[in-house]
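Input: a single structure, listed below in structure tokens.
The values are calculated or read from the model by the stated rules, or taken from the named source; none is laboratory data. Predicted model, so just to flag it, every value in this text is computed and none were measured. Backbone-built Cβ (ideal geometry, glycine too); neighbour counts: all protein chains shown.
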Amino acid sequence: MKKYLLILFVLAAASSIALGAQSLTDNPNYQKSLELSAQAKQAFDAGDYDAATEFADQAKQFALLSDQYVAKMLAKAEADKAMLQAKDKLAWADGVGAKDKYPDLYMKASGEYDDAQASYTSEDYPTAEDKARQSVATLDEIAASIAAAAQAAKTAKSSGDMWPAVYVVRLIPARRDCLWRIAEYPFIYNNPLKWTVIYEANKKTFRDPGNPNLIFPGQKLSIPAIKGESRDGEYDPSKSYKPFPKK
């Protein structure tokens, strides 16, 4: 009776492992476990309990191998999804110039993605998924920074704290425009010593790049941000601008 119960237990264990945990049935180990389970049942029905026990043990071993295969394939599927998401996110980051605007975060995300690829190649799918998700999380930080900057610019523009990003040189006979005086305007830098910032940003467009004094009416000058401030559009003489902070 004990032997009889033992055989029933082994057969039940092999069947439950093979069928209960299996979702990817198209693999050799699963098929082999079914074959051995059938042989165990035939031997049991024939009264050959020793053979039935041996077949059932083998069936259980192949069922375990099948479960391991299934777990690996499921992990691979999750890694595939995470890797694709990270790849798409990196492509987005390239499209918005994140490599230049957020170099530290971009390099971190790229390194995490490279680690994910290396783990995937070595079939360490859980680690590959984890590294890929880390890459996505890092890139999400860039997205959040971009969104925050856009909101700050919008707020600044609505509150009148937006300064011009472009200045068009004017013909003012009494006090003609020069880089020194342009930098001194309260709506530019409120500091004449900052004229070199304007020069460095625009000298390639000068008629004589080596001569910072040679500017002419109608010439458009780019005004770079120097304190993380928001700048947008051309200077509008009819518009009132908040003086740029000197400190």
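Just one residue in the set Ala38, Ala75, Ala93 is among the small types (Gly, Ala, Ser), modelled with pLDDT of 85 or more, over 27 Å from Tyr125 (Cβ atoms) and not in a loop (DSSP other than H, G, I, E, B); that residue is Ala38.
If we scan the range 236-245, do we find a residue that is under 25 Å from Gln151 (Cβ atoms), without any contact (Cβ under 8 Å) to a residue 12 or more places away in the chain, not charged (D, E, K, R) and not in a helix (DSSP H, G or I)? No: zero hits. Yes or no: Asp88 under 12 Å from the mean Cα position of the chain (by Cα) and surrounded by fewer than 17 Cβ atoms within 10 Å (Cβ to Cβ)? Taking the combined requirement at face value, the residue satisfies it. Restricting the range 96-135 to residues that are outside any helix (DSSP H, G or I) and without any contact (Cβ under 8 Å) to a residue 24 or more places away in the chain leaves a set whose member that is nearest to Ala71 (Cα to Cα) is Asp124. Kindly indicate whether Ser119 is out of contact with any Pro (no Cβ under 7 Å at 6 or more places or on another chain), at pLDDT below 90 and of a type in the set (S, T, N, Q). Answer is no for this residue. Restricting Ala149, Ala174 to residues that are over 30 Å from Gly111 (Cβ atoms), of a type in the set (Gly, Ala, Ser) and in a helix (DSSP H, G or I) narrows the list to Ala174.
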